[in-house]
Amino acid sequence: MIAKRIKQEENRLKKYYKEFGITSKVLEGLIYRAAFMRVTLEELEEDIKENGTTEMFTQSDMVEPYQRKRPAIDIYNTTIKNYNIVIKQLNDALPKVPPKTDDDGFDKFVGSRYD
């Protein structure tokens with residue numbers, strides 16, 4: 001089931017970047033990694049919602065249990081940082097489009113006054 005969700009996300013990302021005419025083996029690898037990480041993050045988020053961020057832990061019966069951060073939190077934090085890096089790399093490959101500005105004619109009007 002997870003493999004199917006990864007493939008669906010991979011196909012969604014490929015379609016998105018293909019619309020910009022971007023295809024390469026390097027980007028395909030990044031797209032797969034992004035898809036894998038996104039599905040992993042979704043799984044971790046469900047686990048964290050269900051089980052919380054901390055748990056009681058003890059290393060032996062002789063020691064009083066204490067509350068600690070669940071390992072899923074560290075995995076989530078590392079994965080989301082890496083996911084953001086991969087998405088930034090993919091977005092940096094997009095063509096640079098100058099920001100759209102609405103020309104209201106004011107600059108032309110002011111410039112014509114000094115001609």
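The values are calculated or read from the model by the stated rules, or taken from the named source; none is laboratory data. Computed from a predicted model, the values in this text were never measured in an experiment. Positions of Cβ are generated from backbone atoms using ideal geometry, with glycine treated the same way; all protein chains shown enter the neighbour counts. All accessible areas refer to the heavy atoms of the entire protein, side chains included, with ligands and DNA or RNA removed. Shrake-Rupley method; radii C 1.70, N 1.55, O 1.52, S 1.80 Å.
The table below lists the values:
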quantity: Residue match in the range 46-56 (condition: surrounded by 10 or more Cβ atoms within 10 Å (Cβ to Cβ), touching a residue at least 60 places away in the same chain (Cβ under 8 Å) and hydrophobic (A, V, I, L, M, F, W, C)); calculated: no
quantity: Residue tally, condition touching a helix residue (DSSP H, G or I) at 6+ places or on another chain (Cβ under 7 Å) and either open to solvent by 40 Å² or more (accessible area, probe 1.4 Å) or not in a helix (DSSP H, G or I) (or both), over the range 72-82; calculated: 4
quantity: Residue 67 farther than 17 Å from residue 88 by Cα, open to solvent by 100 Å² or more (accessible area, probe 1.4 Å) and either modelled with pLDDT of 95 or more or assigned to a helix (DSSP H, G or I) (or both); calculated: yes
quantity: Residue selected from the range 98-115 under the condition part of a loop (DSSP other than H, G, I, E, B), open to solvent by 100 Å² or more (accessible area, probe 1.4 Å) and modelled with pLDDT of 70 or more, by the criterion nearest to residue 31 (Cα to Cα); calculated: 102
quantity: Filtered residues of the range 1-26 (kept if under 14 Å from the mean Cα position of the chain (by Cα) and open to solvent by 60 Å² or more (accessible area, probe 1.4 Å)); calculated: 12
quantity: Subset of the range 55-71 (residues that are touching a strand residue (DSSP E or B) at 6+ places or on another chain (Cβ under 8 Å) and not β-branched (Val, Ile, Thr)); calculated: 55, 56, 57, 65, 66, 67, 68, 69, 70
quantity: The range 1-13 residues that are in contact (Cβ under 8 Å) with a residue 40 or more places away in the chain, paired with ones that are open to solvent by less than 20 Å² (accessible area, probe 1.4 Å) (beta carbon under 9 Å, 6 or more apart); calculated: 2/39; 13/31; 13/34; 13/35; 13/90
quantity: Flag for residue 50 being within 30 Å of residue 1 (Cβ to Cβ) and not basic (Lys, Arg); calculated: yes
quantity: Residue tally, condition modelled with pLDDT of 95 or more, open to solvent by 40 Å² or more (accessible area, probe 1.4 Å) and not aromatic (Phe, Trp, Tyr), over the range 27-41; calculated: 2
quantity: Those residues of the range 47-63 which are at pLDDT 95 or above, among the charged types (D, E, K, R) and either touching a helix residue (DSSP H, G or I) at 6+ places or on another chain (Cβ under 8 Å) or part of a loop (DSSP other than H, G, I, E, B) (or both), in sequence order; calculated: 47
